[in-house]
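Take this structure, written in structure tokens, and hold onto it; I'll ask about it next.
The values are calculated or read from the model by the stated rules, or taken from the named source; none is laboratory data. None of these values were measured; they are calculated from a predicted model. Cβ placement follows ideal geometry from the backbone for every residue including glycine, while neighbour counts extend to all protein chains displayed.
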Amino acid sequence: MYVREAKNREEVWLLDRIEQLDLDDPAFRSRDYVVAVDETTGDKAGFGRIRIHPGEPEVCELTSIGVLPEWREQGVGAHVIERLLDHASDQGFATVYSLTSEVAYLTQFGFEPIERSELPPQLRDRLEERRKQDEDIIGLIIEVGDFTMPAHLREAFKLAGRHDPEEEDDVSEDEVSELRDEFGIDPEETTYKYDTGR
């Protein structure tokens, strides 16, 4: 699994997923997005974008983060956020904002709630608009350098999309016994080539 910049040809896929997940993106531009992709199958698992609001100063907002249901709980969203913050930093932003009701999700990475009055002017009106759809939406802020990736999400992402070993068929004791007999293995006396004795 890896996260890369979205390609122009993925515009339709992104628009369909934004609608499917009921996300807000009034100023859609595919080039602002990153996409998480399974390197084995090429399946797209999640996406997100940074939105630059013009003004003095310009403001960077993390928005439209979505993970497809079958890819959740595997660190996909966390790595999309990490990549977006890297992009924000590359564009000269030390501070990034987000307007969301998923407060607990973002605070695990270092985002902190911020009062509406402390938001940049560009985001105050946007917050009020967003609250018409979801009154639980609040403003969050992070200094890019304060982002932290929980270890369990980094590990989950490394394994994302791989076949769950627990789903594999168990080998019965009879089958194991047959294989031992076939290869002449005596489990009482056999030592193994790579046994370190520990």
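Might you let me know whether the range 87-94 holds any residue that is within 30 Å of residue 159 (Cβ to Cβ), touching a Gly at 6+ places or on another chain (Cβ under 9 Å), surrounded by 14 or more Cβ atoms within 10 Å (Cβ to Cβ) and of a type in the set (Ser, Thr, Tyr)?
For the range 87-94, residues within 30 Å of residue 159 (Cβ to Cβ), touching a Gly at 6+ places or on another chain (Cβ under 9 Å), surrounded by 14 or more Cβ atoms within 10 Å (Cβ to Cβ) and of a type in the set (Ser, Thr, Tyr): present.
Given the condition in a helix (DSSP H, G or I), loosely packed, with under 15 Cβ neighbours inside 10 Å and either at pLDDT below 90 or touching a strand residue (DSSP E or B) at 6+ places or on another chain (Cβ under 7 Å) (or both), answer yes or no: does some residue in the range 23-45 qualify?
Yes, that holds for at least one residue.
I would also like to ask the following. Please find, among 81, 65, 141, the residue that is touching a Ser or Thr at 6+ places or on another chain (Cβ under 7 Å) and aliphatic (A, V, I, L, M).
141
Residues that are modelled with pLDDT of 90 or more and in contact with a strand residue (DSSP E or B) (Cβ under 8 Å, 6 or more places away or on another chain): which helices (runs of 4 or more DSSP H) entirely in the range 77-184 hold 2 or more of them?
It comes to 103-107, 121-131.
Among the residues of the range 39-50, is any hydroxyl-bearing (Ser, Thr, Tyr) and in contact with a helix residue (DSSP H, G or I) (Cβ under 8 Å, 6 or more places away or on another chain)?
no
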